[in-house]
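Structure record follows, encoded as structure tokens.
The values are calculated or read from the model by the stated rules, or taken from the named source; none is laboratory data. Not measured: the values here are computed from a predicted model. Glycine gets a Cβ as well: all are built from the backbone with ideal geometry, and neighbour counts include every protein chain shown.
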Amino acid sequence: MPPRYLLRVTEQPRLAEQNAAVLLPEPFVKWFGEKGWSPRVHQLELLAQAQSGQSVLLIAPTGAGKTLAGFLPSLTELANRPKRRPGGARRGIHTLYISPLKALAVDIERNLGKPVEEIGLPVTIETRTGDTPSHKRQRQKLAPPDILLTTPEQLALLIASNGARRFFEDLRYVVLDELHSLVTSKRGHLLALGLARLRAFVPRLQTIGLSATVAEPDELRRWLVSQASPGAMSELIVVTGGAKPEISILDSEERVPWAGHSARYATPEIYREIKRHKTTLLFVNTRSQAELLFQELWRVNEDTLPIALHHGSLDVAQRRRVEKAMGENALRAIVATSTLDLGIDWGDVDLVVHVGAPKGASRLAQRIGRANHRMDEPSKAILIPANRFEVLECRAALDANYLGAQDTPPLVNGGLDVLAQHVLGCACGAPFHADALFDEVRTAAPYAGLDRPTFDRVIDFVATGGYALRNYERYARIRQTKEGLWRVSNPAVAQQYRLNVGTIIEVPALNVRYVQAGSRGAASRGGRVLGKIEEAFLETLTHGDTFMFGGKILRFEGIRENECFVSNAPGSDAKVPYYGGGKFPLSTYLAEQVRAMLDDPQRWKKLPEQVADWLRFQADKSVLPKRDDLLIETFPRGNRYYLVAYPFEGRLAHQTLGMLLTRRLDRAGAKPVGFVATDYALAIWSLGDMGWMFKNRKPSLATLFDQDMLGDDLEAWFADSWLLKRTFRNCALISGLIEKRHPGKEKSGRQVTVSTDLIYDVLRSHEPDHILLQATRTDAATGLLDVSRLAEMLSRIRGRIMHKNLEQISPLAVPIMLEIGKMPVNGEADETLLMDAATLVEEAMGPEMAD
Amino acid sequence: MNFSLSRAMLIAEADLVGIAGERAVCDRRGVLYFPDLRLLAVSDLHLEKGSSLARRGALIPPYDTGATLLRLQAVIADYQPRIVVSLGDSFHDGGGAERMHQSFRERLEAMMAGRDWFWVAGNHDPDAPADLPGETVKELAVGSLLFRHEPSKLRVEGEISGHLHPCARIVQRGRSVRRRCFAGDGGRMIMPAFGAYTGSLNVLDRAYAGLFRLETLVAYMLGTERIFAISGSMLRPG
């Protein structure tokens, strides 16, 4: 999709007070006056739209008073509401505020409470999150606050409770914060379905969406309102402007490395910037980068500046302490991953440092928006590329940010697993009629295109699993009454639903707990918990291995049940690197920009000298890829032959391509051994001379890269891929096929629970068209494999493949060649590893012992 | 190709394992075959586990019985055993045999026909399966071998058991590989679970404490083409 350029409307001067007075009740006007403020144009505009009964999408940068704008319609209406007579009817919730983060809800409670108190409004505000104690939840049901601040999961729970319709009967507004981030995930699908339900309860309900800049505002506008009339959209208010951010790329005096993601080379220069500013926010893309940067900064922190670390795996209490210190301006710098991406107010940040490439222009803009929360002052940001390709990417992103290009991903259709969860939730709340629910579901934008047969299959799935064998009728979870209403068969079903609500699937993770060194955790109960680490990573460790976590070097002591025991290993180096991988693939837009830059030596002038030199060397030794071409280099090295391709389509698409190409090369007799993929390139190595094969058209590169690889090859590989199994697991959990694991219930152990991998294998061989497999394939194709992007690439490069058969490695190939050996190698079968292990035994002990 | 020929080939190609003096084939599909006795042992079929869970609200696919029986059918066709020993937990619960779909029951009866079939009682299925042929036994002694469901705490030479669903894990070049396995120390052998929905438990788990001579423990890990014999010292917990 080509990038869109939003029409920019710089904010107009603020309205005169008399204009404001028309819309605002007197106490509000007075309050603004006392503060020496006046309401902003977009705040009044939104109020006017809301008062005329419209739903509205407000797109504005941080610092534009978005939150207050979102709540003004509610607050003014509540201010004018007649006093409730003693003994009069109980009032229900007036406004529901939904945010993707618990922390955001808590933050808003604080920020909104202040004006409410100062204006003297008779308005009650409360939060309801997973952390809310049960007695408070009970009380909220009996005596609801006027404004309830909550999350998508809590809304789903409220909808699934008895008397939901009555609970929401007075609802006027739903305010959706950070809408751009909510809508792109399955949480967004669940929320859209919840909204549809609320609209069915209260037809005059209005929605107010608050969003950062997105590529396609119309998608969000449709999302906010009922699609009963197809394509209906909310009103739109766009605030742009504010001062242009000052972004620069660090022009390091050090050598920019060929490969890697640590940006270690720039640590002293980053530290100098921290010293020069009041508060610096340092963004990185992965947890491991955060850990490493934090370590490196403390190594040079001779002034012992308060520098903190914040990422999602750390213990909650630890994170809260950091957030609090940040709010109190007690920190000079904070190293953070995306947990801080969203709009929490962080005091006086005056510099954002982005370490590593931003991967997307919109992402960069949102992160930089964090600095200096007042929109009339320029934000200041420095980009630190971690390697040479990232220099190109940073340059491209920087140009994009100035142009205002947007590359947020397009929205996808609603997941069927989420729909299944919602259907069960509806039944838990009250019996439903399939016809009515179908109509209702289709008013939610992600499900506007849902067809009736699919919907009926989802109902069948919820009821009896939807299997062709049809032998679970007697165990049905929902049943149809004589009147045709679907209701839950027994209370246990509703109970089970409540425990499993939501679409956030946690990767199996273990607590990391301190113990005495060498104790293996057996003797002592251990000390404090540092946070959680993925099981998959811990499985590769042995006793005594050291790794980085929570800003410390830890020694692995052992695993017991759901805890991983560690001890401090100060002074040692972390031996085992952790690969979180880049979480975000390079956006299509940035990829195109990078290709364009490579093709245009004029633009190299803007690049650091050492990087420009590198490109000149490449032009000399090999060739630079043309903007729309695919460059493929082949060369021998050691006793292997290498193929390096430069599609610049992101790691996911490259991984998929790598899998498919190795299958094909294997058939062609090239004996491929393995491959690695980065965001920019793909390297495959083999025992056969691929350069010779391509030159002699055995096969030709055009045949090798033919689009038909997305047919049978993809299907065949797909079916067995662990990626698909992982996706299936998510679908099975979200759809309620199997239960999520719960704390306290985890004792069951491996031999009792049925693994979703086994279920997948059985289901695939016996009912390949089952609705859950259908949902899995759709998810995997979009989310994990980037098949559509690969397809676009293959069609773009038809007849445009440039082959360079070289004597030796080219300069451009150095970065990916350096990744070999550092990244886990794909395509190397488990069986090979087993074979190696078995051979070792035979070598060491003689064949008779192995038997 | 006739059956006995293919059997001979299977046996010739396989790694033969000695258990208390008897020769046995550890088949990569998770069964044990004793060519001299023409005896096939299979453990923890857990038939009807799917419907057992469905009764409690987890509607997982009802095809596990069919899948398990298909695989069992294939190994029986390959080896043509005279005796089949199902080492307990053949059904996931006491009502499993009754719930079994008619077509599956017919398939099972067809493979039982013409051979001696023993149902060893397991903790999931202590009683004889309803309306099925075969003899239900607590344990079964054949030659120097003793077949029972749960491994006994006392060291017994020649004991073949199941119950624990052993698997083993190795780490090679930073990657972890976990597979079901036979676990043996030359004296006793614990068989992997055969059922389609059966999970597994690492042989280094506490549940196996005291069962093996650790110096001679070998995990015969199931590969897609063959068995991989891995010495106990290379195994990882978890």
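The residues of region A:717-771 that are facing another protein chain (nearest Cβ under 10 Å), at pLDDT below 70 and either part of a helix (DSSP H, G or I) or out of contact with any Lys or Arg (no Cβ under 9 Å at 6 or more places or on another chain) (or both), listed by number, are A:SER748, A:GLY749, A:ARG750, A:GLN751, A:VAL752.
Restrict the check to region B:189-200 and report whether at least one residue is under 28 Å from B:LEU108 (Cβ atoms), aliphatic (A, V, I, L, M) and either surrounded by fewer than 18 Cβ atoms within 10 Å (Cβ to Cβ) or more than 13 Å from chain A (Cβ to nearest Cβ) (or both). Before the answer, list the steps.
If we filter region B:189-200 for residues that are under 28 Å from B:LEU108 (Cβ atoms), which is where we start, we get B:189-200.
Subsequent filtering for residues that are aliphatic (A, V, I, L, M) retains B:189-191, B:193, B:196.
Filter again for either surrounded by fewer than 18 Cβ atoms within 10 Å (Cβ to Cβ) or more than 13 Å from chain A (Cβ to nearest Cβ) (or both), leaving B:191.
Yes, region B:189-200 contains at least one residue that is under 28 Å from B:LEU108 (Cβ atoms), aliphatic (A, V, I, L, M) and either surrounded by fewer than 18 Cβ atoms within 10 Å (Cβ to Cβ) or more than 13 Å from chain A (Cβ to nearest Cβ) (or both).
List the strands (runs of 3 or more DSSP E) that sit entirely inside region B:1-107 and contain at least 2 residues that are within 13 Å of chain A (Cβ to nearest Cβ), modelled with pLDDT under 95 and more than 22 Å from B:ASP125 (Cβ to Cβ).
Details: elements: B:16-19, B:22-26, B:32-34, B:39-42, B:83-86.
Of the strands (runs of 3 or more DSSP E) lying wholly inside region B:1-107, those with at least 2 residues that are within 13 Å of chain A (Cβ to nearest Cβ), modelled with pLDDT under 95 and more than 22 Å from B:ASP125 (Cβ to Cβ) span B:16-19, B:22-26.
The sole residue among B:ASP93, B:ASP44 that is in contact (Cβ under 8 Å) with a residue 40 or more places away in the chain, out of contact with any strand residue (DSSP E or B) (no Cβ under 7 Å at 6 or more places or on another chain), surrounded by 24 or more Cβ atoms within 10 Å (Cβ to Cβ) and within 30 Å of B:GLY158 (Cα to Cα) is B:ASP44.
Considering only region A:665-672, I want to know if a residue exists there that is out of contact with any Gly (no Cβ under 7 Å at 6 or more places or on another chain), small (Gly, Ala, Ser) and more than 22 Å from A:ASN387 (Cβ to Cβ). Looking for residues that are out of contact with any Gly (no Cβ under 7 Å at 6 or more places or on another chain), small (Gly, Ala, Ser) and more than 22 Å from A:ASN387 (Cβ to Cβ), one finds at least one in region A:665-672, hence yes.
Checking the stated criteria, A:LEU72 turns out not to satisfy the condition of being in contact with a strand residue (DSSP E or B) (Cβ under 9 Å, 6 or more places away or on another chain) and either of a type in the set (A, V, I, L, M) or crowded, with 16+ Cβ neighbours inside 10 Å (or both). A single member of A:ARG457, A:ARG452, A:ARG477 is at negative phi and in contact with a Phe, Trp or Tyr (Cβ under 8 Å, 6 or more places away or on another chain), and it is A:ARG452. So which residues in region A:665-684 are modelled with pLDDT of 90 or more and in a strand (DSSP E or B), if there are any at all? Hits for region A:665-684 are A:LEU682, A:ALA683, A:ILE684.
Scan region B:81-96 for residues that are closer than 16 Å to B:GLY30 by Cα and of a type outside the set (D, E, K, R) and jot them down. If the condition is that a residue be closer than 16 Å to B:GLY30 by Cα and of a type outside the set (D, E, K, R), then B:PRO81, B:VAL84, B:VAL85, B:SER86, B:LEU87, B:GLY88, B:SER90 are the ones that fit. Considering the conditions (1) in a loop (DSSP other than H, G, I, E, B); (2) free of Cβ contacts under 8 Å to residues at least 60 places away in the same chain, B:ALA183 is excluded by exactly one of them, (1).
Considering only region B:164-183, state which residues are of a type in the set (Gly, Ala, Ser) and facing chain A (nearest Cβ under 7 Å). Within region B:164-183, B:GLY174, B:SER176 qualify. The residues of region A:458-488 include none that are more than 14 Å from chain B (Cβ to nearest Cβ), in contact with a His (Cβ under 9 Å, 6 or more places away or on another chain), under 30 Å from B:GLY66 (Cβ atoms) and not hydrophobic (A, V, I, L, M, F, W, C).
Checking the structure you have, find out if any residue of region B:128-136 is more than 14 Å from chain A (Cβ to nearest Cβ), crowded, with 16+ Cβ neighbours inside 10 Å and part of a strand (DSSP E or B).
Within region B:128-136, the subset more than 14 Å from chain A (Cβ to nearest Cβ) is B:128-136.
Of the ones still in play, those that are also crowded, with 16+ Cβ neighbours inside 10 Å are B:129, B:132, B:134, B:136.
Pick out the ones that are also part of a strand (DSSP E or B) and you get B:136.
Yes: one or more hits.
Residues that are in a loop (DSSP other than H, G, I, E, B) and at pLDDT 90 or above occur in region A:380-397; there is at least one.
Among residues of region A:399-424 that are over 30 Å from A:SER248 (Cβ atoms), those with a beta-carbon under 6 Å from a residue that is at pLDDT 85 or above and polar (S, T, N, Q) at least six positions away or on a different chain give the pairs A:ASP417/A:SER735; A:ALA420/A:SER735. Could we say that B:VAL156 is among the aliphatic types (A, V, I, L, M), surrounded by fewer than 23 Cβ atoms within 10 Å (Cβ to Cβ) and either within 13 Å of chain A (Cβ to nearest Cβ) or not in a loop (DSSP other than H, G, I, E, B) (or both) here? No; evaluated as a whole, the condition is false for this residue.
Among the residues of region A:626-645, the one identified as closer than 20 Å to A:GLU390 by Cα, at pLDDT 90 or above and in contact with a helix residue (DSSP H, G or I) (Cβ under 7 Å, 6 or more places away or on another chain) is A:VAL644. Put simply, of A:VAL594, A:VAL501, A:VAL566 the only residue that is modelled with pLDDT of 85 or more and within 23 Å of the chain's Cα centre (by Cα) is A:VAL501. Restricted to region A:168-284, the set of strands (runs of 3 or more DSSP E) holding at least 1 residues that are in contact (Cβ under 8 Å) with a residue 12 or more places away in the chain and farther than 27 Å from A:ALA612 by Cβ comprises A:173-176, A:206-211, A:235-238, A:280-283. Going through (1) at pLDDT below 80; (2) closer than 21 Å to A:GLN421 by Cα one by one, A:ALA838 falls short only on (2).
Kindly indicate whether any position in region B:204-212 is farther than 28 Å from A:VAL754 by Cβ, away from chain A (no Cβ under 14 Å) and within 19 Å of the chain's Cα centre (by Cα). Walk me through it before giving the result.
Restricting attention to region B:204-212, the residues satisfying the condition of being farther than 28 Å from A:VAL754 by Cβ are B:210.
Filter once more, keeping what is away from chain A (no Cβ under 14 Å): B:210.
Add one more test, that the residue is within 19 Å of the chain's Cα centre (by Cα), and what stays is none.
No, the conditions are met nowhere in region B:204-212.
Among the candidates A:PRO100, A:PRO27, A:PRO61, A:PRO82, the residue that is farther than 19 Å from A:LEU210 by Cβ, part of a loop (DSSP other than H, G, I, E, B) and of a type outside the set (Lys, Arg) is uniquely A:PRO82.
Quick one: how many residues across region A:623-652 are of a type in the set (Gly, Ala, Ser) and either within 26 Å of A:GLY360 (Cα to Cα) or crowded, with 19+ Cβ neighbours inside 10 Å (or both)?
Just the residues of region A:623-652 that are of a type in the set (Gly, Ala, Ser), to begin with: A:638, A:645, A:650.
Add one more test, that the residue is either within 26 Å of A:GLY360 (Cα to Cα) or crowded, with 19+ Cβ neighbours inside 10 Å (or both), and what stays is A:645, A:650.
Selection size over region A:623-652: 2.
For region A:130-147, the condition of being surrounded by 24 or more Cβ atoms within 10 Å (Cβ to Cβ) and either part of a helix (DSSP H, G or I) or assigned by TED's automatic domain parsing to the domain that holds A:ALA79 (or both) holds for at least one residue.
Between B:GLY238, B:GLY186, B:GLY143, which is within 14 Å of another protein chain (Cβ to nearest Cβ) and farther than 21 Å from A:THR542 by Cα?
Values: B:GLY238 fails: farther than 21 Å from A:THR542 by Cα; B:GLY143 fails: within 14 Å of another protein chain (Cβ to nearest Cβ).
When all the criteria are applied, what remains is B:GLY186.
Yes or no: B:ALA229 facing chain A (nearest Cβ under 10 Å), crowded, with 18+ Cβ neighbours inside 10 Å and in contact with a strand residue (DSSP E or B) (Cβ under 6 Å, 6 or more places away or on another chain)? Step through it out loud before you land on a result.
Values: facing chain A (nearest Cβ under 10 Å): yes; crowded, with 18+ Cβ neighbours inside 10 Å: yes; in contact with a strand residue (DSSP E or B) (Cβ under 6 Å, 6 or more places away or on another chain): yes.
Yes; evaluated as a whole, the condition is true for this residue.
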